[in-house]
1. Quick one: would you say D100 is surrounded by fewer than 17 Cβ atoms within 10 Å (Cβ to Cβ) and under 30 Å from P309 (Cβ atoms)?
2. Run down L93, L119 and say which single residue is aliphatic (A, V, I, L, M), at pLDDT 95 or above and either within 16 Å of ligand 1 (Cβ to nearest atom) or in contact with a strand residue (DSSP E or B) (Cβ under 8 Å, 6 or more places away or on another chain) (or both).
3. What residue, among those in the stretch 313-366 that are within 30 Å of Y198 (Cβ to Cβ) and among the acidic types (D, E), is farthest from ligand 2 (Cβ to nearest atom)?
4. Is it the case, given these coordinates, that I222 is surrounded by 14 or more Cβ atoms within 10 Å (Cβ to Cβ), out of contact with any helix residue (DSSP H, G or I) (no Cβ under 8 Å at 6 or more places or on another chain), not in a strand (DSSP E or B) and not charged (D, E, K, R)?
5. Which residue out of Y87, Y80, Y48 is surrounded by fewer than 21 Cβ atoms within 10 Å (Cβ to Cβ), assigned to a loop (DSSP other than H, G, I, E, B), aromatic (F, W, Y) and within 16 Å of ligand 2 (Cβ to nearest atom)?
6. Return only the number of the condition from (1) in contact with a Leu (Cβ under 6 Å, 6 or more places away or on another chain); (2) surrounded by fewer than 18 Cβ atoms within 10 Å (Cβ to Cβ) that T231 does not satisfy.
7. Please go through (1) more than 23 Å from I358 (Cβ to Cβ); (2) surrounded by 19 or more Cβ atoms within 10 Å (Cβ to Cβ); (3) not β-branched (V, I, T) for F255 and return the number of the only condition it doesn't satisfy.
8. Need a quick list: helices (runs of 4 or more DSSP H) entirely within the stretch 110-203 having at least 3 residues that are surrounded by fewer than 16 Cβ atoms within 10 Å (Cβ to Cβ).
Amino acid sequence: MKYDCLVVGAGFAGCAAARLLAESGRKVLVVERLKHLAGHSHDYRNEYGIFIHSYGPHIFHTNNQEVWQFVNRFTRFHNYQHRVLSYIQGRLLPFPINLDTLNEVFDCKLKGGEAREFLRMEAAKAVYNQPPENFRDVVVSQVGEYLYELFFKNYTIKQWQKDPEEILPEVALRIPVRENRDDRYFTDKHQGIPASGYTDLAQKILNHRNIELSLETDYFDIRNNLESRLTVYTGELDRFFDYKYGRLQYRSLDFKYETLDQEFFQPAAVVNYPNDHSWTRITEYKYFLGEKTWKTTISYEFPKATGEPYYVVMSGDNVDKRKLYQADVDKLNGKYLFLGRLAEYKYYNMDQVVEMVINRIGEYLKR
Ligand code: FAD
Ligand code: UDP
């Protein structure tokens, strides 16, 4: 069969790419190996009327006006500001670390202007590489060893099963340190949750007369029967090349769900557990869309090495391997575009995926 474009994967990258190609007049086939749309942002409404994010909590946040306009063409966003607490020594403290966190941990009464000097003194007591070479260096250079050990070290070991000194600085740079009392997880201009869910958003993005969709279809089973001028690949980078340079690492997750006969379980959507228990965090889903129900559904999140690839692992050995694969991608002469978290092996957020797709498909269409 002949299409102008084949898109592999129906996550944010695949859906946005398919839409932009379809709007330029091209006939597009989207193949997705799973039974559902939306990739790792997939969600569904459970029997208690609460939207569950199947692959863990997803909050859309961006400062990019073009990205925000693109997603708002297809859905209304419920205004939601994400807040996270960290369970530390029996107390729930604001995370990322802010002025209130400092005052609670150190039992003091710092005012706004005093936090910077306080943190500088904490960092000055520690030994680390400057400029920072790894996850630990970044955090310790910002907040010192004591807060690093309380909030970061053990969470990071649980999440990645690696010494934080093996993890690249960019992972730590995802988490800000605040000298004020802002307790939101993100400070982007635009934040929210699609009012009818991410799966509905994906469906609406793909709803175009030039797009055909085939679920439960693995690209590697059908690629020899299809002809297309362009293939947009959003699956795992190493799998495309039959693991010729060895396997890239991915992290997966197990979820244990509970629905409780009470209105709320915890005071925020997410509570992190750096030092206690084997889970990393508990998510209470009704916060995201503000559903009014007498029951509540929560999930405990347990990181693991195998299974559905949720996270790319930002360590030196993986990034070196990514470079080898990327050089092979570059040799494919524009007939393929590798887009998204798995295909580029980058720790992208959803908005970064959309931004990159707008740019790369835009360049392709100009050519
Ligand atoms: P994916 O969503 O992984 O989509 C790739 C698709 O390709 C999948 O559906 C896969 O099944 C399909 N596929 C792969 N190989 C094949 C094949 N051979 N044939 C056919 N189909 C194939 N981002 C945020 O912005 N905010 C958040 O709060 C946030 N929280 C997150 C929490 C967790 C626990 C995780 C894991 C991620 C989170 N993210 C968040 C990141 C977000 O999930 C990703 O940025 C985004 O989903 C990536 O989209 P994608 O299309 O690149 O990849
Ligand atoms: N992190 C941590 N303590 C926390 C939360 C995060 O040490 O309480 C570290 C951990 O290494 C994590 C990284 O910061 O993997 C990035 O956190 P983020 O919340 O961005 O992770 P995601 O939402 O992608 O799982």
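The values are calculated or read from the model by the stated rules, or taken from the named source; none is laboratory data. Since this is a predicted model, take the numbers as computed values, not measurements. Reconstructed Cβ throughout: ideal geometry from the backbone, glycine too, with neighbour counts over all protein chains shown.
1. Numbers: surrounded by fewer than 17 Cβ atoms within 10 Å (Cβ to Cβ): yes; under 30 Å from P309 (Cβ atoms): no.
Considered against the rule, which asks whether it is surrounded by fewer than 17 Cβ atoms within 10 Å (Cβ to Cβ) and under 30 Å from P309 (Cβ atoms), D100 comes out as no.
2. Within the list L93, L119, the selection yields L93.
3. E363
4. It is true that I222 is surrounded by 14 or more Cβ atoms within 10 Å (Cβ to Cβ), out of contact with any helix residue (DSSP H, G or I) (no Cβ under 8 Å at 6 or more places or on another chain), not in a strand (DSSP E or B) and not charged (D, E, K, R).
5. Being surrounded by fewer than 21 Cβ atoms within 10 Å (Cβ to Cβ), assigned to a loop (DSSP other than H, G, I, E, B), aromatic (F, W, Y) and within 16 Å of ligand 2 (Cβ to nearest atom) holds for just one of Y87, Y80, Y48, which is Y80.
6. The one condition T231 does not meet is (2).
7. Unmet for F255, out of (1) more than 23 Å from I358 (Cβ to Cβ); (2) surrounded by 19 or more Cβ atoms within 10 Å (Cβ to Cβ); (3) not β-branched (V, I, T): (2).
8. Because the criterion is at least 3 residues that are surrounded by fewer than 16 Cβ atoms within 10 Å (Cβ to Cβ), the helices (runs of 4 or more DSSP H) in the stretch 110-203 that meet it are 115-124.
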